[in-house]
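Since every read-out is calculated from the coordinates, none of them should be taken as a lab result. Keep in mind the model is a prediction, meaning the values are calculated, not measured. Every residue, glycine as well, gets a Cβ built from its backbone with ideal geometry; the counts of neighbours run over all protein chains shown.
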Amino acid sequence: MERPVRPIEIIIEITGKCRLACPYCTRQSRKEVPLKDIKATLDEAASLGIKVIRITGGEPLLHPDIQTILAYAKMKKFAVILNTAAEDISPALMKAIITNVDAVLVSLQGHNEKSHRAYTRSKLSFLNKIKNIFLLKAYVPNVWIATVITPGVLQCFTQFIPLIKKINPAAWILLRPINGLNRDIKKMGIPFYRALTLKIMKARQRNINTFIANPIPLCIAGDLRIGLEAFFGAKFDNGHVRIVRSSQGFYKPSYFLETNLGNSIKTAWDHPFLRELDRTDFLPNLCQQCPVLDTCRGGYRSMPPHTRQTALAEDPLFCPVIAQKALSKPYLKHPRP
C-alpha cells in the first residue's frame, strides 16, 4: 500500500494504571510515563508535522499531569483525542478536557449498573459515568462510545440500543477483543460475528452509526457490501497510518502488536517491519482476487501470532468457503454512509 510520508496520528499510552478490571484487557504494565517524556513525544510529533494526537492508557485521567499534558498538546496545535472510561472527572479536570480536547472516546461496557459492574468490576457509580458522558457531549465537538465485543454484548445488544440512542454519539464503535488465550474469545468465531453483523445492520437502519472498528475480514459477512458497511477494515490500523508510543517507552505498530519499532517517531516510521505489515502477498489467493482488499487487508495482524507465531498470516476468522461465497456475489463499490 502507499504509506503516508508521516503518521496521520500518534497514540500515546501515558499510563498503564486503571481503576477497572476488564477480563479482556491486555494491559501489560502499570507504568506511568514521566511528563518530560510525553512532552518530548509531542515536540517530535509537532516537528514532523503530525496533526493528530491520541492520549490513552490504562486510564489517562489517572496520570497526575493529565491537565498539563492536554494543555501542552493543544498549545502545540494538535487535534487532541482522549480515550477514557469517564468514570471520575473532577470539575477542574472536566474544564481541562473541554478546553483542550477535540474528540473523546468513552468506553462503555454495560447498558446499566449491573452489566457495567459485572464486566468492569467498577466501584464507581454508573449513573455518574453517564452524566459525565452527557457533559462531555455538551461541550466536546465529537464524542464516540466504544464497546469491546463479548458474548454478553451480543446477548444484550438490543438492551444497549435505547442508551446509545439517548447518548446519540458520533459513532458507537465496537472493538474486537485481542487475547488469544481467553476462552470466550476462542468461542467468538465466524457464526458469532455473523450474528453480530445482523444486529449491527439493524442498528444502522435505525440511524445508529455503529460498526466494528478494528480489523476483521470483510468477507465473513458473506457479502462484501455488508462487510464494507458493518466493518471498518484494516486500512487505518496495523501500523499503516498511525503508530503507538507504549507506556514502556518504545513505539509499536498498534495497541496489540508489541513489536519494538524504536524510541523515536522517525525511527519507528522507517522501521522495516512496518513495510512488512503493508504487504498482502502472503494472504490466500482469494484475498488477492478481492475488490476490497485495500480496505480489508486480510484482517488483524495482531491475531495470527496467537496461533501462527507470525503477524504475516491470514486472520483466524478467514474462511475460504465463506470468502468464495462473498466473492461470487455482485459487488459495486460505494462509499461508507
Self-check item: Radius 14 Å from Cβ of ASN207, net charge of other residues (Lys, Arg +1; Asp, Glu -1)
Solution: +4
Quiz item: Simple spin-label model, 7 Å along Cα-to-Cβ: ASP281 to LEU198 in nm?
Solution: 4.2 nm
Quiz item: Just for the Cα atoms in the stretch 9-328, what are the lengths along the principal axes, largest first, rounded to whole Å?
Solution: 56, 46, 32
Quiz item: So what's the back-of-envelope 222 nm ellipticity for the chain, counting only DSSP H runs of four-plus at -39500 (n - 2.57) apiece and dividing by all residues, rounded to 500?
Solution: -11000 deg cm²/dmol
Quiz item: For the pair VAL5 and CYS156, what calculated FRET efficiency results from E = 1/(1 + (r/R0)^6), where r is the Cβ-Cβ distance and R0 = 51 Å, to the nearest 0.05?
Solution: 0.70
Quiz item: Mind listing the phi-derived Karplus ³J(HN,Hα) values for the stretch 244-251, rounded to whole Hz, using 6.51, -1.76 and 1.60 with θ = phi - 60°, and x for any glycine or proline?
Solution: 10, 8, 5, 5, 8, x, 10, 8
Quiz prompt | Positive dipole terminus of the stretch 44-144, leading residue within SER47, SER90, ASN132 (C-beta point charges) | solution = ASN132
Quiz item: Say R0 is 25 Å: what FRET efficiency, to the nearest 0.05, do VAL140 and LYS165 get from their beta-carbon distance?
Solution: 0.80
Practice problem: Return, for the Cα atoms of the stretch 1-155, the radius of gyration and Dmax in Å, separated by a comma. | Solution: 15.9, 47
Quiz item: Using unit Cβ charges (K, R positive; D, E negative) and no other charged atoms, how large, in debye to the nearest 20, is the dipole of the chain about its Cα centre?
Solution: 840 debye
Practice problem: Please sort 104-110, 220-226, 45-51 by packing, taking for each peptide the average over its residues of neighbouring beta carbons within 10 angstrom, highest first. | Solution: 104-110, 220-226, 45-51
Quiz item: When the Karplus curve 6.51 cos²θ - 1.76 cosθ + 1.60 is applied with θ = phi - 60°, which whole-Hz ³J(HN,Hα) does each residue of the stretch 31-37 get, with x for Gly and Pro?
Solution: 5, 9, 7, x, 4, 4, 6
Exercise. Tell me the label-point distance for the pair ASN260, GLN205, using the 7 Å Cα-to-Cβ offset, in nm and rounded to one decimal.
Key: 5.2 nm
